[in-house]
Amino acid sequence: MASIDFNDLSPRERYKLIVGSVVPRPIAFVTSLGVNGVVNAAPFSFFNAVCNDPPALAVGVNQSAEGMLKDTAKNIIDVEEYVINMVSEEIAEKMNVCETEFAPSIDELAEAGLTKAHSAQIAPPRIAESPISFECRLLNTVQLAPGKYVFIGIVVHMHIRDDIYDAERNYVMAEKSGLVARMHGPGGYARTTDLFDMPRLSKEEKARRFGEKVFDRGE
Ligand SMILES: Cc1cc2nc3c(=O)[nH]c(=O)nc-3n(C[C@H](O)[C@H](O)[C@H](O)COP(=O)(O)O)c2cc1C
């Protein structure tokens, strides 16, 4: 088994090991608004749900290659509101276009052929073609290094396409949503269709298999 001291690695080497190991990573396709009113859109795979109550999503935004603050980071810090749009295979190529570091005055969604739709509770728009969008208000900013941030946002509103949502059961048909995720390498992606089921062990099953070793909380 290789044993690797991260202190001996360059940032690029650490990046390669992390993105090859933490897989698949869901993609936050973030729409934000500049103080100049220009809408910005960019994908981020250092992303995940970190709590349900409060409903918190975390996104990691690095500096640009030139060491500049990315537009998404600037906008989130300035406006404190943004939308996290989930990425389905249908819009994956358009998401990939938005990775381009367009000049701040350019409407990236228009360049990618995506459509803006009004959000319900916040100013930045969502992406109409995204199957699921979360309107977020910034809760907390963790600065990891100069220009590098983790933004923790609270979901205040959700939009979900009718064909993947069973309103009666408050159930997201994740198996039908066609969401994609980032894997390793410059262009590696995964579909969310290769599924298997593994229900949690019941209390009885745990007691039968592990007996006294199971901690009894007295519930
Ligand atoms: C699938 C995908 C995932 C990405 N994930 C990240 C990420 O987690 N963090 C990051 O800083 N950049 C990430 N990028 C690069 C940004 O999208 C890119 O730097 C973008 O131009 C930033 O745009 P902005 O300056 O408009 O915010 C990713 C790109 C792609 C295509």
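The values are calculated or read from the model by the stated rules, or taken from the named source; none is laboratory data. It should be emphasised that the depicted structure is a prediction, and the values quoted were computed from it without experimental measurement. Counting neighbours? That spans all protein chains shown, and the Cβs are built from the backbone with ideal geometry, glycine included. Protein only, heavy atoms only, side chains kept; ligands, DNA and RNA dropped before computing areas. Shrake-Rupley method; radii C 1.70, N 1.55, O 1.52, S 1.80 Å.
Restricted to the range 23-44, and to residues that are away from the ligand (no atom under 11 Å from the Cβ) and of a type in the set (A, V, I, L, M), which residue is most open to solvent (accessible area, probe 1.4 Å)?
Top of the filtered list is 35.
If the Cβ limit is 9 Å and pairs must be 6+ apart or interchain, which residue in the range 57-81 that is without any contact (Cβ under 8 Å) to a residue 40 or more places away in the chain pairs with which residue that is more than 8 Å from the ligand (Cβ to nearest atom) and open to solvent by less than 50 Å² (accessible area, probe 1.4 Å)?
Note: pairs meeting the criteria are 64/147; 70/147; 71/34; 71/38.
Identify all residues within the range 65-81 that are closer than 22 Å to residue 14 by Cβ and away from the ligand (no atom under 11 Å from the Cβ); write none if there are none.
Listed by number, the list holds a single entry, 67.
With 116, 94 as the choices, which residue is of a type outside the set (S, T, N, Q), under 18 Å from residue 135 (Cβ atoms) and more than 8 Å from the ligand (Cβ to nearest atom)?
116
Every residue, every condition in (1) within 18 Å of residue 91 (Cβ to Cβ); (2) among the aromatic types (Phe, Trp, Tyr); (3) open to solvent by 50 Å² or more (accessible area, probe 1.4 Å), yes or no:
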residue	(1), (2), (3)
176	yes, no, yes
179	yes, no, no
195	no, no, yes
199	no, no, yes
215	no, yes, yes
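Yes/no matrix, rows are residues, columns are (1) among the hydrophobic types (A, V, I, L, M, F, W, C); (2) in contact with a Leu (Cβ under 9 Å, 6 or more places away or on another chain):
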residue	(1), (2)
10	no, no
13	no, no
21	no, no
26	no, yes
47	yes, yes
50	yes, yes
54	no, yes
60	no, yes
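Which condition from (1) open to solvent by 80 Å² or more (accessible area, probe 1.4 Å); (2) within 25 Å of residue 92 (Cβ to Cβ) is the one that residue 11 breaks?
(2)
Looking at residue 150 and the list (1) within 23 Å of residue 49 (Cβ to Cβ); (2) without any contact (Cβ under 8 Å) to a residue 60 or more places away in the chain; (3) open to solvent by less than 60 Å² (accessible area, probe 1.4 Å), which single condition is not satisfied?
The number of the failed condition is (2).
In the range 49-64, which residues are exposed (fewer than 14 other Cβ atoms within 10 Å of the Cβ) and more than 8 Å from the ligand (Cβ to nearest atom)?
Passing the criteria: 49, 50, 51, 52, 53, 54.
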